[in-house]
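Here is the structure we will look at.
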Amino acid sequence: MKLSGGGRMSFDVCSDFLTESCDQYCNRVADGTHESPQVSETGRLLATSKNVKDGRLFLDSAYRISIDDFDAINKRSKVDQWDLLLTMIGTVGEVCLVEMSQPDFAIKNVGLLKCGDEIRAKWLYYFLRSSMGQQAIEQRKKGSTQQYISLTEIRQLPIPYPSKLDEMKLIVEQLAALDDRISLLRETNTTLEAIAQALFKSWFVDFDPVRAKQQGDAPQGMDAATAALFPDSFEESELGEVPKGWRVGVLGDAFEINPKRTLKKGALSPYLDMASLATSGHSVENPIQREMGSGAKFQNGDTLLARITPCLENGKSAFVDFLEDKQIGWGSTEFLVLRPKAPFPEYLGYLLCRHSAFREFAIQSMSGTSGRQRIQNDVLGRYQLTLPSACVAAAFAEVVEPLQKSITANHKTTQTLATLRDTLLPRLISGQLRLPVAQGALEETTA
């Protein structure tokens, strides 16, 4: 059967599927405000199209508005559990499913699709994320300088679905199982990185093992051999009290800044733009193959730091772990590359770039014209830090490197699972692939 796209397109779906327009499939299709409420430091959260990406909702970057504005928006577009949000302006067609039981945010520039039922909502979510759904949205976009999709067009989107609810439920459960595994791995990585960051702060910022030994206690979370590597007293320095025998240095003493990497102009190599760097988490998504032009060059074990406003303030950083052995990648000219010198572990560069004091120094040291300010290499190289003994640095490497490797392995698994999901998705959503075959593929990949 051909599913009509309102005269714009058609695509194949199984003959026993039904088709309804989005406003028929949903209980209600509305949108959030298109105004720009004033930012409030102590108000309520407002989610915009920028907060919906890759099938997820990122409220950590949402800003706040007054309670009066919040209430006014929610009178016409209150978000409830199992609602879908669909971006309408700018990057059109990003979609997420609201799974929290009591959402407490308002919306701007996003469509609000209310199904009132978990299974029907998840089906719509997977359809809109599929190539079929994205094609239907693409056909309805308008605008040249800034693309958008109207509420009328969203309501007219054709939605195919199985005539049997049990079949819909089984397909949704298979796809959701993949998403659950991906989410669990992402949550695990967040925890592993938090552990690594806590260790970095404990050992090299707060000096917890030294303070414990100074008080006659055994340092927590380490064996006796590791504890013996730390001194049991402090001495004065230009940075205040530091562990006895350690020294105060500058970033350039312990790190290479933009180390020399060789990549011939025109050579095809993995490329990262600024959008590839996340504001949290060390992994990058979707490097592309691109001929070498002009930009930062890096290899596995390097750390990338966005050095220009507002990307630096937003926390864009990454640890390079996706290249082949000895392969060189390249990216934006606004990347600053850090590489720890021996005996410091490679991951120390990334942990430092996530450290609040380091970021504050970099932000406050930016120079240049308004809107184009950036941190200069020589200025960043003068950042002062306490340098431990070589044996402590080596001990830290033994603790933190397994955490980094686990994060890298988990991320690769999420990419494999996401590829499987994205391969199965259009075929399951159209009915062209039946569940027994799909279940076999899932079992083989997830075993």
### Query
For region 400-412, in order, what is each residue's ³J(HN,Hα) by Karplus, 6.51 cos²θ - 1.76 cosθ + 1.60 with θ = phi - 60°, in whole Hz (x at glycine and Pro)?
8, 5, x, 5, 5, 5, 5, 4, 4, 5, 4, 5, 4
### Query
Computed from these coordinates, which is volume of the Cα convex hull per residue in Å³: [x] 140; [y] 188; [z] 170?
[y]
### Query
Distance from the Cα centre of region 247-296 to that of region 161-222, in angstrom?
26 Å
### MRE, 222 nm, helices only [DSSP H, n ≥ 4, -39500 (n - 2.57), over the chain, to nearest 500]
-12000 deg cm²/dmol
### Query
What's the local net charge at Phe200, with K and R +1, D and E -1, over the other residues with C-beta under 11 Å away?
0
### Query
Among residues other than Arg186 whose Cβ falls under 15 Å from its Cβ, what is the net charge (Lys/Arg +1, Asp/Glu -1)?
-3
### Query
Can you work out ³J(HN,Hα) from phi for every residue in region 39-51, in order, using Karplus 6.51 cos²θ - 1.76 cosθ + 1.60 and θ = phi - 60°, giving whole Hz and x for Gly and Pro?
5, 10, 5, 10, x, 10, 6, 10, 8, 10, 4, 5, 8
### Task
Hey, could you get me the Stokes-Einstein D for region 147-209, Kirkwood radius over alpha-carbon pairs, 10 °C and 1.306 mPa s, rounded to whole µm² s⁻¹?
96 µm²/s
### Query
DSSP loop trypsin sites (Lys or Arg not before Pro) in region 202-298 with at most 11 other Cβ atoms within 10 Å of their Cβ, which ones?
Lys260, Lys264, Lys265
#### Entry: Global geometry of region 81-151, whether rounded, prolate or oblate, following the gyration tensor of its Cα atoms and the 1.5 cut on a/c
oblate
## Note on the structure
Computed about the Cα centre, the charge dipole of the chain from +1 Lys/Arg and -1 Asp/Glu charges at the Cβ has a magnitude in debye, to the nearest 20, of 1420 debye
### Query
Of Gly252, Thr309, Val320, whose Cα points farthest to the positive end of the dipole of region 240-354 (charges on the beta-carbon: +1 Lys, Arg; -1 Asp, Glu; origin at the Cα centre)?
Gly252
### Query
So which of Lys53/Lys108; Lys264/Lys405; Lys53/Lys141; Lys201/Lys412 end up more than 21 Å apart, counting from Cα to Cα?
Lys264/Lys405; Lys201/Lys412
### Query
Counting only heavy atoms of protein chains, what accessible area per residue, in Å², does the chain have with a probe of 1.4 Å?
48 Å²
### Query
Ranked by accessible surface with a 1.4 Å probe, highest first, in what order do Lys164, Lys201, Lys122 come?
Lys164, Lys201, Lys122
### Message
Rounded to the nearest percent, how much of the accessible area of the chain (1.4 Å probe, protein heavy atoms only) is carbon and sulfur?
### Response
47 percent
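The values are calculated or read from the model by the stated rules, or taken from the named source; none is laboratory data. Keep in mind that this is a model prediction, so the values were computed, not measured. Heads up, the Cβs are rebuilt from the backbone with ideal geometry, glycines too, and the neighbour counts pull from every protein chain shown. Side chains included, ligands, DNA and RNA excluded: accessible areas come from the protein's heavy atoms. Shrake-Rupley method; radii C 1.70, N 1.55, O 1.52, S 1.80 Å.
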